[in-house]
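So the structure is just underneath, and the comments pick up after that.
The values are calculated or read from the model by the stated rules, or taken from the named source; none is laboratory data. This one's a predicted model, so the numbers in the text were calculated from it and none came from an experiment. Using ideal geometry, Cβ is built from the backbone for each residue, glycine included, and neighbour counts are taken over all protein chains shown.
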Amino acid sequence: MEYKEREYPLFSACGLNCGLCPRYHTNGVSICPGCAGKGFSEKRPSCGVLSCCKRKEIEYCYLCDEYSCKKYDAWGPYDSFITQKNQRRDLEKAKSIGIEAYRAELDEKIGILENLLEHYDDGRRKSFFCVAVNLLELDDVKSVAEQLATETKSEDGAKEKAAAAVRLFEDMGRKRGMDLKLRKKPK
């Protein structure tokens, strides 16, 4: 099915923060353009949520009279490239504070994530940073970013910077009672 390109593909119709997904921040053929972003239909020719939103002429599931419907119940307890742990919470937040305010928060998180990937990634931390920034509240992410700026030096190596970032995010996660990992299916 052909989907109309969304103005803001970084927050999906179903509540995923596409702009915080490792596949969005990948170079090459596996890059994802976000929810109905440019070229989405070629990569994902079928999406039940987008098809439903198209039929109902809504942009986000929370705008539907039937939200939260059985589509949400069908999703399992495991994540893929992006965490789904806060999917409903994020939709509810967008609904309560307004989509423009939510987008502004998400844009700020994306900016912090891009800085982490550029300056603190040792080539092995992209998924961790994406999950941490996605799950933690903006104030906590900003706090960790500020600590990193003061605790690391430009001459520190990539491994040292990455280790400091992981330690600070994990400390914040423990403080908030969160496990900053994707929920993977057991093998």
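The table that follows gives values for the structure above.
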{"read-out": "Test: Ala74 is at pLDDT below 95, surrounded by fewer than 14 Cβ atoms within 10 Å (Cβ to Cβ) and hydrophobic (A, V, I, L, M, F, W, C)", "value": "yes"}
{"read-out": "Residue within segment 73-94 that is more than 19 Å from the chain's Cα centre (by Cα) and of a type outside the set (Asp, Glu) present", "value": "yes"}
{"read-out": "Count - residues of segment 67-100 that are outside any helix (DSSP H, G or I) and either under 22 Å from Leu136 (Cβ atoms) or acidic (Asp, Glu) (or both)", "value": "12"}
{"read-out": "Subset of segment 145-158 (residues that are surrounded by 11 or more Cβ atoms within 10 Å (Cβ to Cβ) and within 24 Å of the chain's Cα centre (by Cα))", "value": "Ala145, Glu146, Gln147, Leu148, Ala158"}
{"read-out": "Criterion: farther than 25 Å from Ser80 by Cα, part of a helix (DSSP H, G or I) and more than 17 Å from the chain's Cα centre (by Cα) - qualifying residue of Lys142, Lys161", "value": "Lys161"}
{"read-out": "Matching residues in segment 55-66 - criterion: being part of a helix (DSSP H, G or I), surrounded by 15 or more Cβ atoms within 10 Å (Cβ to Cβ) and of a type outside the set (A, V, I, L, M, F, W, C)", "value": "Tyr62"}
{"read-out": "Segment 126-168: number of residues that are under 21 Å from Arg88 (Cβ atoms) and of a type in the set (Lys, Arg)", "value": "0"}
{"read-out": "Some residue of segment 111-130 being in contact (Cβ under 8 Å) with a residue 60 or more places away in the chain, under 30 Å from Leu63 (Cβ atoms) and out of contact with any Gly (no Cβ under 9 Å at 6 or more places or on another chain)", "value": "yes"}
{"read-out": "Those residues of segment 90-104 which are basic (Lys, Arg) and either in contact (Cβ under 8 Å) with a residue 60 or more places away in the chain or closer than 14 Å to Ala13 by Cβ (or both), in sequence order", "value": "Lys95, Arg103"}
{"read-out": "Any pair with Cβ under 7 angstrom, 6 or more apart, that starts in segment 155-181 at a residue that is within 19 Å of Ser127 (Cβ to Cβ) and ends at one that is outside any helix (DSSP H, G or I) and among the acidic types (Asp, Glu)", "value": "Ala158/Asp122; Lys159/Asp122; Ala162/Asp121; Ala162/Asp122; Gly173/Asp179"}
{"read-out": "Residues (exposed (fewer than 14 other Cβ atoms within 10 Å of the Cβ), in a loop (DSSP other than H, G, I, E, B) and not hydrophobic (A, V, I, L, M, F, W, C)) located in segment 24-49", "value": "Thr26, Asn27, Gly28, Ser30, Lys38, Gly39, Pro45, Ser46"}
{"read-out": "Lone unmet requirement of (1) more than 27 Å from Val133 (Cβ to Cβ); (2) modelled with pLDDT of 90 or more; (3) not charged (D, E, K, R) for Cys18", "value": "(1)"}
{"read-out": "Residue that is nearest to the chain's Cα centre (by Cα) [pool: residues in segment 34-63 that are modelled with pLDDT of 90 or more and among the hydroxyl-bearing types (Ser, Thr, Tyr)]", "value": "Tyr60"}
{"read-out": "Criterion: of a type in the set (A, V, I, L, M, F, W, C), surrounded by 15 or more Cβ atoms within 10 Å (Cβ to Cβ) and free of Cβ contacts under 8 Å to residues at least 24 places away in the same chain - qualifying residue of Cys14, Cys21, Cys52, Cys69", "value": "Cys52"}
